[in-house]
Amino acid sequence: MARATAVFDPDCERCPRLAEFCRSTAERHPGYHGLPVPAFGDAEPRWLIVGLAPGMHGANRTGRPFTGDHAGVVLYETLHALGVSSAKESLTRDDGLRLRGVRITNAVKCLPPGNKPTPAEIRTCNGYLRAEIAAAAQARVIVALGRIAHDAVLDATDSARGEYRFGHGAEHALADGRILVDSYHCSRYNTQTRRLTPAMFLTVLARAQALAAQMR
């Protein structure tokens, strides 16, 4: 069954647990964004990157996806190496950084406790991802960072999960004509354990960029 789309709501409180956690975090850390985090990047992207959720001291603090934490360092350095980020480090929402041809969002827009949203929270937030993908009609390639993002993209595009198995570097032709490219998440754990190396990450994102260029 298709789920309804929903325009991003910066004050969304549809998930009580997440809303309360965002409030309590903002109380403990004055000055933190502490609200749902909107997508960031080119308004007319050729490809999309979908992560898991805002990090406690990254996007939840700054209000921009993958900004201010380890995962963000890895992601923006890689995007800069590919020539689509104006800077190799994303520090704050107003640092002037710009993305060209690519846009970044998350499967879940609010900070989850322990970085682990529940299945119900992921489903509740999926309408926003669905709307973002629909609005970026010219984006024919989507990169999923991790299994949760992979499944969220499948749900948002009405693609059967059982037909598309997550795997680092895997490419999936979706029914709507888009290509889904999988990567391990650029989290501190994955990079420190060498499950994901800078070279591996660069290879996957470069492939996604090349596919997007081919599908114009």
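No value in this document is a laboratory result; all are computed from the given coordinates. Nothing here was measured: the structure is a model prediction, and the numbers come from that model. Glycine gets a Cβ as well: all are built from the backbone with ideal geometry, and neighbour counts include every protein chain shown.
Below are the figures for this structure:
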read-out	value
D (Stokes-Einstein, µm²/s), Kirkwood Cα radius, the chain, 1.306 mPa s at 10 °C	93 µm²/s
Computed E for Leu202/Asp176 - FRET, C-beta separation, R0 35 angstrom, nearest 0.05	0.80
Chymotrypsin sites (Phe, Trp or Tyr not before Pro) restricted to DSSP loop in the stretch 9-79 with at most 16 other C-beta within 10 Å	none
Approximate spin-label separation Glu20-Ala210, in nm, with each point projected 7 Å along Cα-to-Cβ	5.0 nm
Length added when fully stretched, Glu163-Arg147, from 0.36 nm per residue minus Cα-Cα	4.4 nm
Residue exposure sequence - Val37, Val73, Val141 - by fewest surrounding Cβ within 10 Å	Val73, Val141, Val37
Pairwise label distance in nanometres, Ala81 with Gln138, each label 7 Å out on the Cα-Cβ vector	2.8 nm
Virtual spin-label span in nm between Lys88 and Gln192, 7 Å along Cα→Cβ	2.3 nm
